[in-house]
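Each value in this text was obtained by applying a stated rule to the coordinates, not by laboratory testing. Nothing here was measured: the structure is a model prediction, and the numbers come from that model. Positions of Cβ are generated from backbone atoms using ideal geometry, with glycine treated the same way; all protein chains shown enter the neighbour counts.
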Amino acid sequence: MEDSFRCVVCGNPLANKTKLSARYCDRGCRNKAIDLRRRQETLRRRNENERVLQEFSMWMAGFQLDLLRMAPAEAGGYRLGLWTGQMMYWFPSLLPSQVYRQTLHRTRTQDPFFSLHPFEPPIVPLVAHYKVQFVQNIPPHPDLPESDKAWWLKVPYALPHRRLPFNLKAVPREKR
Ligand SMILES: [Zn+2]
């Protein structure tokens with residue numbers, strides 16, 4: 001079990017006086033490990049976005065066509081509502097402290113809605129049925145009134161979201 005007494009970053013033996021739980025020889029190696037994990041996380045997210053864009057490209061193309069067919073002429077974007085069991089929670093979600101959000105194509109935007117022109121594929125945290133809401137193309141982009149009937153659709157992929165103000169597990173089964 002000699003490995004457990006070596007720094008996991010540089011491989012140097014750990015000094016005898018370090019704690020048994022220690023994994024790094026010094027602060028420098030520990031910071032390096034944190035940095036590495038962060039980079040891996042960024043890479044993982046990028047790969048995850050890429051995977052979704054490829055795997056669901058046909059679904060996205062179909063959804064784009066449906067959106068354009070359903071959208072009123074003055075629509076500039078759309079939002080997707082998830083019924084949490086208690087309220088409708090809208091995506092994209094921008095927390096009060098958050099100025100920018102990232103799109104599936106990894107660009108940064110301040111828009112609190114997904115863009116119609118150019119088409120921005122949605123990012124949602126759960127494979128579920130979402131209510132489609134169009135917003136006007138002119139700031140401050142108010143919601144447009146519903147057309148003849150409400151439109152719900154199932155998004156077949158999910159991407160992790162940080163800090164949602166509700167429990168995803170509480171979303172009723174009939175919405176999945
Ligand atoms: Zn080290």
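Pick from P145, P121, P72: which residue has the top mean-square fluctuation in a GNM of the chain where Cα pairs under 10 Å get a spring?
Sorting by GNM fluctuation, first place goes to P145.
In degrees from 0 to 90, rounded to the nearest 10, what is the angle of the helix 27-55 Cα long axis to the longest principal axis of the chain?
The angle comes out near 30 degrees.
Let's see if you can work this out: charge +1 on each Lys and Arg Cβ, -1 on each Asp and Glu Cβ, no other charges. What is the dipole magnitude of the stretch 42-142 about its Cα centre, in debye to the nearest 20?
280 debye
Please state the charge dipole magnitude for the chain, taken about the Cα centre, from unit charges on C-beta atoms (+1 on K and R, -1 on D and E), reported in debye and rounded to the nearest 20.
Around 1020 debye, computed over the chain.
Using the charge dipole of the chain (Lys, Arg: +1 at Cβ; Asp, Glu: -1 at Cβ; taken about the Cα centre), state which of S97, A61, V135 has its Cα farthest towards the positive end.
Final value for the positive-end residue is S97.
Please report D66, D35 as a ranked list, fewest other C-beta atoms within 10 angstrom at the top and most at the bottom.
By the 10 Å Cβ count, ascending: D35, D66.
Gaussian network model of the chain, Cα springs within a sub-10 Å range: biggest mean-square fluctuation belongs to which of L68, L80, L14?
It is L14.
Within the chain, count lysine pairs with alpha carbon atoms under 19 angstrom apart where the residues are 8 or more positions apart or belong to different chains.
Step by step, the pairs that qualify in the chain add up to 7.
What's the longest piece of the chain with no exposed GluC sites (Glu not before Pro), counting a site as exposed if DSSP puts it in a loop and it has at most 14 other beta carbons within 10 Å?
Maximal segment without exposed cleavage sites: 1-73.
Helix-only mean residue ellipticity at 222 nm, the chain, DSSP H runs n ≥ 4 weighted -39,500 (n - 2.57), per residue, nearest 500. What is it?
Counting only the DSSP helices, I get -8500 deg cm²/dmol.
Which one of L116, N167, L82 is farthest out on the positive end of the charge dipole of the chain, using unit charges on Cβ (Lys, Arg +1; Asp, Glu -1) and the Cα centre as origin?
Value computed over the given set: N167.
Could you work out the mean projected area of the convex hull around the alpha carbons of the chain, in square nanometres to one decimal?
So the Cα hull casts an average projection of 14.4 nm².
Give me the distance in nm between label points sitting 7 Å out from Cα along the Cα-to-Cβ direction at R45 and N31, one decimal.
2.2 nm
Over the chain, with a Gaussian network built from C-alpha contacts below 10 Å, which listed residue (I123, I138, I34) shows the highest mean-square fluctuation?
I34
Which net charge results when you count Lys and Arg as +1 and Asp and Glu as -1 among the other residues whose beta-carbon is under 14 Å from that of H141?
-3
Note the full-extension length gain between V8 and A150 as 0.36 nm times their separation in residues minus their Cα-Cα distance, in nm to one decimal.
That pair, V8 and A150, stretches by 45.6 nm at full extension.
Which far-off residues, 5 or more places away or on another chain, put their amide H under 5 Å from the one on V9, with H placed in the peptide plane?
C25
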